[in-house]
Amino acid sequence: MNSSELANEPIVALRELRRSFEQGGQRIDVLRGVNLDIMPGEVVALLGPSGSGKSTMLQAVGLLEGGFEGSIAIAGERAESLASDQRTRVRREHLGFVYQFHHLLPDFNATENVVMPQIVAGTGREAANDRAESLLSSLGLAHRLTHRPSQLSGGEQQRVAVARALANQPTLVLADEPTGNLDEATADTVLSQFLELVRGEGSAALIATHNERLAKRMDRVVRLHEGVLT
């Protein structure tokens, strides 16, 4: 599917997505038939309390875990039954991830953490370095490019994680409580910069949060309640 066709099609299309777990001999239905379309460039908040299944849903969309029923299409490609190497290809070509905890590589500085996924994707070292420095600078970290994670504040670490997620120009960014580990003022700053950068890059985003106030700053809010979206 070419870029003009993709512009008129959902970046994500979920149909009757289901996920159950066995716990203590009982079946727990976490997702009970989730349906969702996300269009190119759209920023969607996935709202719900802790334990509602938001992370499980993001793992499904991110092709990070099996055991799901239903269909998952990413950028027009049916992905739920792909082999492991093909799922990896779809993640590399289309997806970026931001988690509540930054998961930066501790022995690498901020620039190197953003360069790394680009090198894995086949980008040359010089171009990857230029891209990393540009992203980090746009997030207010031009003066912290050579600092390691242990030398950065929590908000700075999370901004590096945002830059890393966008390094390969993903069509979709998946963020799981990306400001949940930050104080309110820092969370506001990081989210503002995150949204500005995502929109400037033209990426779509699905952002899981339990914060109603932050969710209202996004293009659309969907709520996960008893395993279905409302």
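The values are calculated or read from the model by the stated rules, or taken from the named source; none is laboratory data. As the structure is a prediction and not an experimental result, all values here were calculated from the model. A quick note on method: Cβ atoms are made from the backbone with ideal geometry, for glycine too, and the neighbour counts reach across all protein chains shown. To get the accessible areas, we keep the full protein, side chains included, count just its heavy atoms, and leave off ligands, DNA and RNA. Shrake-Rupley method; radii C 1.70, N 1.55, O 1.52, S 1.80 Å.
Residue check, residue 109 against (1) among the polar types (S, T, N, Q); (2) within 24 Å of residue 189 (Cβ to Cβ); (3) open to solvent by less than 20 Å² (accessible area, probe 1.4 Å), all met but one. Which one?
(3)
In the stretch 189-223, which residue that is in a helix (DSSP H, G or I) and among the charged types (D, E, K, R) is farthest from residue 44 (Cα to Cα)?
Checked the stretch 189-223; the qualifying residue farthest from residue 44 (Cα to Cα) is 201.
Kindly establish whether residue 96 is closer than 20 Å to residue 168 by Cα and either in contact with a Pro (Cβ under 6 Å, 6 or more places away or on another chain) or assigned to a strand (DSSP E or B) (or both).
Yes, satisfied.
What number of residues in the stretch 181-210 are touching a strand residue (DSSP E or B) at 6+ places or on another chain (Cβ under 8 Å) and surrounded by fewer than 17 Cβ atoms within 10 Å (Cβ to Cβ)?
Within the stretch 181-210, residues that are touching a strand residue (DSSP E or B) at 6+ places or on another chain (Cβ under 8 Å) and surrounded by fewer than 17 Cβ atoms within 10 Å (Cβ to Cβ) number 2.
Restricting attention to the stretch 120-155, and to residues there that are surrounded by 21 or more Cβ atoms within 10 Å (Cβ to Cβ) and in contact with a Lys or Arg (Cβ under 8 Å, 6 or more places away or on another chain), which single residue is farthest from residue 97 (Cα to Cα)?
Ranking the qualifying residues of the stretch 120-155, first place goes to 141.
Residues 52, 81: which one is crowded, with 18+ Cβ neighbours inside 10 Å and either of a type in the set (Gly, Ala, Ser) or in a loop (DSSP other than H, G, I, E, B) (or both)?
52
Residues of the stretch 116-136 being of a type in the set (A, V, I, L, M, F, W, C) and over 28 Å from residue 183 (Cα atoms), which ones? Outline the logic, then answer.
So in the stretch 116-136, the residues of a type in the set (A, V, I, L, M, F, W, C) come out as 116, 119-121, 127-128, 132, 135-136.
Hits for the stretch 116-136 are 116, 119, 120, 121, 127, 128.
Checking residue 6 against (1) at pLDDT below 90; (2) surrounded by fewer than 17 Cβ atoms within 10 Å (Cβ to Cβ); (3) under 22 Å from residue 197 (Cα atoms); (4) touching a helix residue (DSSP H, G or I) at 6+ places or on another chain (Cβ under 7 Å): exactly one of these is not met. Which one?
(4) is the only condition that residue 6 fails.
Only one of these is among the polar types (S, T, N, Q), open to solvent by 20 Å² or more (accessible area, probe 1.4 Å) and within 23 Å of residue 168 (Cα to Cα): 59, 26. Name it.
On the way: 26 fails: within 23 Å of residue 168 (Cα to Cα).
Being among the polar types (S, T, N, Q), open to solvent by 20 Å² or more (accessible area, probe 1.4 Å) and within 23 Å of residue 168 (Cα to Cα) holds for just one of 59, 26, which is 59.
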